[in-house]
1. What are the equivalent ellipsoid semi-axes of the stretch 24-180, built from the alpha-carbon gyration tensor (square roots of five times its eigenvalues), in whole angstrom, biggest first?
2. How do Met61, Met81 line up, fewest other C-beta atoms within 10 Å first?
3. Spelling out what I want: for every residue of the stretch 95-107, take phi, set θ = phi - 60°, compute 6.51 cos²θ - 1.76 cosθ + 1.60 (Karplus), and round to whole Hz; glycine and proline get x.
4. Quick one: dipole size for the stretch 24-180, taken about the Cα centre, charges +1 on Lys/Arg Cβ and -1 on Asp/Glu Cβ, in debye to the nearest 20.
5. Among Thr89, Thr140, what is the fewest-to-most ranking by other Cβ atoms within 10 Å?
6. Please turn the phi angles of the stretch 138-143 into ³J(HN,Hα) values with the Karplus equation 6.51 cos²θ - 1.76 cosθ + 1.60 (θ = phi - 60°), one per residue in order, whole Hz, x for glycine and proline.
7. Taking the Cα centre of the stretch 47-108 as origin, sum charge times position over the Cβ atoms of Lys and Arg (+1) and Asp and Glu (-1), and report the length of that vector in debye to the nearest 20.
8. Over the stretch 132-176, with a single point scatterer placed on each C-alpha, what log10 of the ratio I(q)/I(0) does the Debye formula yield at q = 0.19, 0.28, 0.31 1/Å?
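Values in this text are rule-based calculations from the coordinates and carry no lab data. In this text the structure is predicted, and so the values were computed from the model without any measurement. For neighbour counting, all protein chains shown are included, and Cβ atoms are generated from backbone atoms with ideal geometry for every residue, glycine included.
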Amino acid sequence: MSHFQLLKNITLNKIAIFSFITFLFLPFSVSAEIKGFEDFSGKPQVFENYLAKGKWLVVMMWASDCHICNREAHQYVDFHMLHSDSDATVLGMSLDGASRKKEAEAFIKKHSVDFPNLIAEPATVAQLFQESTGQGFAGTPTFLIYSPDGELKAAQAGAVPTELIEDFIKKNSVKKVLDNN
């Protein structure tokens, strides 16, 4: 049985756990500035400016018509609220592009998303993912987790319960503290 067939036979939560663990400690990083991102006020943004801010950064790549994104958005709103003053923030990245910006804005309003969000064309987001991970972009939701110093530590296509992200951050924050002693 191939790896892909095996994964298809596992429940969604188990896929998230398996894949999340599988992609830890990726050796890639964003090496060049990728153009094409803007905030929802229309101001051009540079993704790299969100990295290395002294906190973990959880990037949630989403689309307004993604059923899983809609179902789980509240988890990331809560996660951001609980962690943004201490150890982690969330950055949303909409793949809706210019033609679906109104739908993306409706998603943000519907889910009371209060963490920063960027919007870009799907090809731009896929390029960021590919350059960051060395992997092809699979779809939404997709998550990237960067350490406080801006190093990519994990990538996951598909749903990831925020409890797993909290555990990952806790485990890797403790490891870094121990490594520095």
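1. 24, 18, 14
2. The fewest-first ordering by Cβ neighbours comes to Met81, Met61.
3. 3J(HN,Hα) across the stretch 95-107, in whole Hz: 8, 5, x, 4, 6, 10, 4, 4, 5, 5, 4, 5, 4.
4. On the way: 15 positive and 21 negative charges, 11 e Å.
It comes to approximately 60 debye.
5. Thr89, Thr140
6. So the Karplus estimates, Gly and Pro as x, are 9, x, 10, x, 9, 10 Hz.
7. Taking the Cα centre of the stretch 47-108 as origin, the dipole is about 120 debye.
8. -0.64, -1.11, -1.20
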